[in-house]
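Heads up, the thing below is written out as structure tokens.
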Amino acid sequence: MLSSMAATGSVKAALQVAEVLEAIVSCCMGPEGRQVLCTKPTGEVLLSRNGGRLLEALHLQHPIARMIVDCVSSHLKKTGDGAKTFIIFLCHLLRGLHAVTDREKDPLMCENIQTHGRHWKNCCQWKFISQALVTFQTQILDGIMDQYLSRHFLSIFSSVKERTLCRSSLELLLEAYFCGRVGRNNHKFISQLMCDYFFKCMTCKTGIDVFELVDDYFVELNVGVTGLPVSDSRIIAGLVLQKDFSVYCPADGDIRMVIVTETIQPLFSTSGSEFILNSEAQFQTSQFWIMEKTKAIMKHLRSQNVKLLLSSVKQPDLVIYYAGVNGISVVECLSSEEVSLIRRIIGLSPFVPPQAFSQCEISNTALVKFCKPLILRSKRYVHLGLIGTCTFIPHCVVLCGPVRGLIEQHEDALHGAFKMLRQLFKDLDLNYMTQTSDQNGTSSLFIYKNSGESYQAPDTGKGSIQRPYQDTVVENKDELEKPQTYLKVHSNLVISDVELETYIPYSTPTDTFQTDETLKCLSLERNRLTDDYEPLLKNNSTAYSTRGNKRIDISYENLQVTNITGKGSMLPVSCKLQNMGASQSYLSSSMPAGCVLPVGGNFEILLHYYLLNYAKKCHQSEETMVSMIIANALLGIPRVLYKSKTGKYSFPHIYIRAVHALKTNQPLVSSQTGLESVTGKYQLLTSVLQCLTKILTIDLVITVKRHPQKVHNQDSEDEL
Amino acid sequence: MSRLEAKKPSLCKSEPLTSERVRTTLSVLKRIVTSCYGPSGRLKQLHNGFGGYVCTTSQSSALLSHLLVTHPILKILTTSVQNHVSSFSDCGLFTAILCCNLIENVQRLGLTPTTVIRLNKHLLSLCISYLKSETCGCRIPVDFSSTQILLCLVRSILTSKPACMLTREETEHVSALILRAFLLTIPENAEGHIILGKSLIVALKDQRVIDSTVLPGILIEMSEVQLMRLLPIKKSTALKVALFCTTLSGDISDTGEGTVVVSYGVSLENAVLDQLLNLGRQLVSDHVDLVLCQKVIHPSLKQFLNMHRVIAVDRIGVTLMEPLTKMTGTQPIGSLGSISPNSYGSVKDVCTAKFGSKHFFHLIPNEATICSLLLCNRNDTAWDELKLTCQTALHVLQLTLKEPWALLGGGCTETHLAAYIRHKTHNDPKSILKDDECTQTELQLIAEAFCSALESVVGSLEHDGGEILTDMKYGHLWSVQADSPCVANWPDLLSHCGCGLYNSQEELSWSFLRSTRHPFVPQTCLPLEAVGSASNLTLDCLTAKLSGLQVAVETANLILDLSYVIEDKN
């Protein structure tokens, strides 16, 4: 039996599906989002605001819905964030496409789109649109990101080169992340917990490998305790194993440990061999030998100062007894993940009991700071003070909550946060080269014609300037130190403004391109700063003026001063990384690690604005079309975020202010504190576009009334 | 292939709290828990229609574990109460009632969940910081040098569980026993880090409650025949004990993954038995007096040991192993070969004892931190309830040892706290709101909902149609009997407040709890002399109540925050 759908109907059907999903996810989106309660088939309940979990829990049957869910889950696997935004953005894109083909229904769409719409309707070939989408995603988007958007990026790092991270900027990032992930009354607490965890685990040389480690072994690194209030959650130094000691012998001082993966006691026969018993005496002697051997091994371990034995298998009573006699604590039945985590932290290979016994040194031991039982809500755990050999300092998170479902939510959110940070710490290569020649019609548009804005001119011919420029960067480093230290001195001052962000717009390293507006803007900013903090920041402003002479120095300085309520502390200056990014963009464009933007739809509004600008200059109708649709769909996200706000903070106000600021080249002022990863946003955008392309290329859905095949099942196992 | 069956789609409902079905089920649950609350609470009989076990109870732990809750929202509520009870034992009903009340009261207001949750959280932290502060007017320090307050604490727990069916004398007797059992678990000369021992509860059903007793050491139940066979030991010094965790039955232990081929005529049983007898010889030569085995001892070995005047007791079971290890100071032996002399432990003496129809082998320790509480009650259900109550009381005493404070019980803490919050939100709303986006009106509304939720918890202490009043000085609770004449002569009608700290002869003014009152400042800083003079106070565990309060508010917040329920129908 076949049921078919018309090609034009597929967008309509997809839109209907997406709208239903949008209704569900938009209620838990953003800082005002609420919780959703899911029941599992086992009867357990789960609280969630995690878009991926919700979509999974729905067990959707509609084929298009299932495809969307598949796309979301593969996106989540990569980035750990953005499932809800995915759905909302996709829904708006579909709505836009639908409106194009159905112009009578939507008079709000601008004239431009309608005329194109007719053309499209005439062609009626979704394939073209999907091709245009692919072109957009692979050729245009990256260019716009690099050309226009990158000048607004901030860096999460306080020093780009060393990638050092200061606590307050991480706090801002995490708070914004957890806002959308955990209940409103807990998000501050959980983000503080995560922050603590991050800084306790990481050394200054922390690389991406630590994120990978935490991401891979997150289950082993946290302990859930039900029945206690959430506020009892805490970080514990060392590793907590979720089992009890088989034998516990209190020990202190020089504690060494070994890991074993097989029983220490020798057995009569190993697999594949045969043991022939000829007499009773033989049996008794072999038993005696086994006993003596076990005893000797344990004694030997003791002589090497081994006081802890971790075993991945159950050890016989005999081993346990001799361990107790020799003062060796034993933990049995460790999972393979636990063993490999411990091995990764301390770089220890398992101990193999020697066949021919000799009094040699055991090389596979590791020093442990302590090993003791830990009692959490009358359940006993093993608490190990491992001494890490890698850059990860082992710590565990104890998550408390009244119900299991809530703890799982927090666990999920923390895990997702690590995934997000893992992405943020990576450089993202953009599929775009600045040195494109003029033969390509689209890329020629990137060479900025003219506007009141300041801009960068990635002129390939100016390669010679590169070297002197890089020299100045090195100089800048020292210059930048001054205001930073100054600000730290006054870090106790309470700033009356809710938030003051001082952007000094980007200017090109080649000073010939410096426009008057930029200079004006520069001085304007400086005035504003001195007005507000004249008595305190006088010194600072002089620093500015001296540096103003050098022109380039200031332009890389981006002061962000935020008043955090209650504390009255100032955010340390986060240095804009354009000096790095720009110099790289001459060769190949990439987004450096740690790019962030303020939350509250900043990314969407910016991209919307630049896409519209781009569309105006575009000559090809498909491109204009696609850019317009994407630009408009992007606004759907801030619209949901500001849904409940009124007055000055309602979406139209925010939008108008932002566009005005962009047009007049003034800094964008965000009404919310918090940062979000640009990489995540960018990846989300490309994932949605890919998903949309997939939807559009389908012209017929065929329902097969047959039991799912094995191949099919393997596919569905990938679902979240 | 049945695994490959396609999954059924889930059921998704929006705004679950507005549905009539949820409201009804919530109010049914609320009625069940409120009617159980307090000393005069009504009992619930739980059974399934096919016969079998019948449970009569008024305790949250027994009640909720037997109730079959299907709606996910109710499940959240009951599991969070159960989780609280399993960590703190006490204040389960309080938590459940408060949570239901909060949800109900707040829903009536129709404010947005964001505001409600934020303000509830502020009010909660106000409560917590007040209850933990020095100025708190409803908590008293617990003095471990006298038994008075500790007894009050235990007595309050016993009287609040009417399903134990205790008379006044029995209550006194059992309270004293529980306190003794607890004190026996505290090591005598502890330095720094104290490790508490354990009180083992031994069942003696169909006996008078008055026959219950506490003994130091461990009782191992045995049949009379077995007990007769044990030879009496007459020894002036302590007895040497060997405790085996491995089996002594002569099984052949794990032989590995390969095959073991036994030639014809070779008897492994004999070989193992030889080994066991060798072990017996070693035990005898080491002058062991008592052999205890978790598993089974081979009859021949038993016979051998008996011949050499060694007492052998087997099938002890895994539950007794830890207390036995602790009490005797042995290392559980897992070897049939050479035994290290350090593995032996000792007991002071052993004897046989008979309680009711049961016979016990009694191990008397040298230094007791392990004791046995022999608990008697008339029938099974009452005994189960009494056992749960005793465990609760022992746990509460442990918690109190960690945090030596107790809250005034009988509802006085709740009314006092409500009065404090009303006063605080009325007079100093700015300090609570700080920089929040909420208005003062919203705060007043939520504070009223919060306070009345607290007050209706204590309102449910009264099940016989009486009235509940509160005084305008201390903010304590006073109850009047139902049929008392409606006169304004309150001092004669009321004798003591709920916790028993104040009597009505003071110059106090009262008002009905349900009526509206002007906010007043309840007297803070409890005078110590008042506590000293009162002998019969009703007290609550501070730790358990604090956690209960937090869990109730957090759970209510969670439930109020729900916008969708997705039910998996697979």
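Evaluation of residue B:53 against the conditions (1) at pLDDT below 90; (2) touching a His at 6+ places or on another chain (Cβ under 8 Å); (3) open to solvent by less than 50 Å² (accessible area, probe 1.4 Å) shows that the sole unmet condition is (3). Filtering B:338, B:346 for residues that are part of a strand (DSSP E or B) and within 24 Å of residue A:326 (Cα to Cα) leaves a single hit, B:346. For the condition more than 23 Å from residue A:591 (Cα to Cα), surrounded by fewer than 22 Cβ atoms within 10 Å (Cβ to Cβ) and either touching a residue at least 12 places away in the same chain (Cβ under 8 Å) or touching a helix residue (DSSP H, G or I) at 6+ places or on another chain (Cβ under 8 Å) (or both), residue A:624 qualifies.
Restricting attention to the stretch B:203-254 and to residues that are of a type in the set (Ser, Thr, Tyr), touching a helix residue (DSSP H, G or I) at 6+ places or on another chain (Cβ under 9 Å) and open to solvent by 10 Å² or more (accessible area, probe 1.4 Å), the residue that is nearest to the other protein chains (Cβ to nearest Cβ) turns out to be B:246. Among the conditions (1) surrounded by 16 or more Cβ atoms within 10 Å (Cβ to Cβ); (2) facing chain A (nearest Cβ under 10 Å); (3) under 30 Å from residue A:645 (Cβ atoms), the only one that residue B:85 does not satisfy is (3). Apart from one condition, residue A:244 fits all of (1) within 12 Å of chain B (Cβ to nearest Cβ); (2) touching a helix residue (DSSP H, G or I) at 6+ places or on another chain (Cβ under 7 Å); the exception is (2). Answer yes or no as to whether residue B:278 is of a type outside the set (Gly, Ala, Ser), over 30 Å from residue B:170 (Cα atoms), open to solvent by 40 Å² or more (accessible area, probe 1.4 Å) and away from every other protein chain (no Cβ under 14 Å). No, not satisfied.
Does the stretch B:179-193 contain at least one residue that is touching a helix residue (DSSP H, G or I) at 6+ places or on another chain (Cβ under 6 Å) and either open to solvent by 80 Å² or more (accessible area, probe 1.4 Å) or in contact (Cβ under 8 Å) with a residue 40 or more places away in the chain (or both)? Looking through the stretch B:179-193, at least one residue is touching a helix residue (DSSP H, G or I) at 6+ places or on another chain (Cβ under 6 Å) and either open to solvent by 80 Å² or more (accessible area, probe 1.4 Å) or in contact (Cβ under 8 Å) with a residue 40 or more places away in the chain (or both). Within the stretch B:134-145, one or more residues are more than 14 Å from chain A (Cβ to nearest Cβ), in contact with a Phe, Trp or Tyr (Cβ under 9 Å, 6 or more places away or on another chain) and among the aliphatic types (A, V, I, L, M). Residues satisfying the criterion are present in the stretch A:282-300 (criterion: over 21 Å from residue B:256 (Cα atoms) and either open to solvent by less than 50 Å² (accessible area, probe 1.4 Å) or within 12 Å of chain B (Cβ to nearest Cβ) (or both)). Residues of the stretch B:426-453 that are crowded, with 18+ Cβ neighbours inside 10 Å and polar (S, T, N, Q): B:452 alone. Provide a single number: the residues in the stretch A:305-352 that are within 14 Å of another protein chain (Cβ to nearest Cβ), part of a loop (DSSP other than H, G, I, E, B), open to solvent by less than 40 Å² (accessible area, probe 1.4 Å) and in contact (Cβ under 8 Å) with a residue 40 or more places away in the chain. The total comes to 5.
Annotation note: of B:392, B:415, the sole residue that is open to solvent by less than 10 Å² (accessible area, probe 1.4 Å) and within 14 Å of chain A (Cβ to nearest Cβ) is B:392.
All told, residue A:653 meets the bar of being more than 24 Å from residue A:98 (Cβ to Cβ) and modelled with pLDDT of 85 or more.
The condition of being more than 11 Å from chain A (Cβ to nearest Cβ) and either surrounded by 15 or more Cβ atoms within 10 Å (Cβ to Cβ) or under 21 Å from residue A:318 (Cα atoms) (or both) holds for only one of B:273, B:336, B:268, B:301, that being B:301. Picking from residues in the stretch B:65-82 that are open to solvent by less than 30 Å² (accessible area, probe 1.4 Å) and in a helix (DSSP H, G or I), the one that is nearest to residue B:16 (Cα to Cα) is B:73. Take the stretch A:31-63 and flag every residue that is part of a helix (DSSP H, G or I), open to solvent by less than 10 Å² (accessible area, probe 1.4 Å) and farther than 15 Å from residue B:12 by Cβ. Once the filter is applied, which keeps residues that are part of a helix (DSSP H, G or I), open to solvent by less than 10 Å² (accessible area, probe 1.4 Å) and farther than 15 Å from residue B:12 by Cβ, the stretch A:31-63 yields only A:52.
Can residue B:461 be described as among the hydrophobic types (A, V, I, L, M, F, W, C), within 27 Å of residue B:73 (Cβ to Cβ) and within 14 Å of another protein chain (Cβ to nearest Cβ)? In short, no. Return yes when residue B:102 is assigned to a helix (DSSP H, G or I), farther than 22 Å from residue A:45 by Cβ, open to solvent by less than 50 Å² (accessible area, probe 1.4 Å) and in contact (Cβ under 8 Å) with a residue 40 or more places away in the chain and no when it is not. Here the answer is no, as residue B:102 does not meet what is asked. Selection of the stretch B:550-563 for residues being open to solvent by 20 Å² or more (accessible area, probe 1.4 Å) and either more than 7 Å from chain A (Cβ to nearest Cβ) or touching a Leu at 6+ places or on another chain (Cβ under 7 Å) (or both) yields only B:550. For the condition in contact (Cβ under 8 Å) with a residue 60 or more places away in the chain, in contact with a Ser or Thr (Cβ under 8 Å, 6 or more places away or on another chain) and not in a loop (DSSP other than H, G, I, E, B), residue A:640 qualifies. Filtering the stretch B:107-120 down to residues that are part of a helix (DSSP H, G or I), under 14 Å from residue B:444 (Cα atoms) and open to solvent by 10 Å² or more (accessible area, probe 1.4 Å), which residue is nearest to the other protein chains (Cβ to nearest Cβ)? The qualifying residue nearest to the other protein chains (Cβ to nearest Cβ) is B:118. Of all residues in the stretch B:395-412, those satisfying the criterion of being within 17 Å of residue A:378 (Cα to Cα) and open to solvent by 10 Å² or more (accessible area, probe 1.4 Å) are B:395, B:398, B:399, B:401, B:402, B:403. Of all residues in the stretch B:41-50 being in a loop (DSSP other than H, G, I, E, B) and either at pLDDT 90 or above or in contact with a strand residue (DSSP E or B) (Cβ under 6 Å, 6 or more places away or on another chain) (or both), which is nearest to the other protein chains (Cβ to nearest Cβ)? Going through the qualifying residues, I end up with B:41. State whether one or more residues within the stretch A:230-240 are in contact with a Phe, Trp or Tyr (Cβ under 9 Å, 6 or more places away or on another chain), open to solvent by less than 10 Å² (accessible area, probe 1.4 Å) and in a strand (DSSP E or B). Within the stretch A:230-240 (the criterion being in contact with a Phe, Trp or Tyr (Cβ under 9 Å, 6 or more places away or on another chain), open to solvent by less than 10 Å² (accessible area, probe 1.4 Å) and in a strand (DSSP E or B)), the answer is yes, since at least one residue qualifies. Considering the stretch A:660-702, and only residues there that are part of a helix (DSSP H, G or I) and open to solvent by 40 Å² or more (accessible area, probe 1.4 Å), the residue that is nearest to residue A:180 (Cα to Cα) turns out to be A:690.
The values are calculated or read from the model by the stated rules, or taken from the named source; none is laboratory data. Keep in mind the model is a prediction, meaning the values are calculated, not measured. Neighbour counts are summed over all protein chains in view; Cβ atoms, including those assigned to glycine, are modelled from backbone coordinates with ideal geometry. These accessible areas exclude ligands, DNA and RNA; they are computed on the full protein's heavy atoms, side chains included. Shrake-Rupley method; radii C 1.70, N 1.55, O 1.52, S 1.80 Å.
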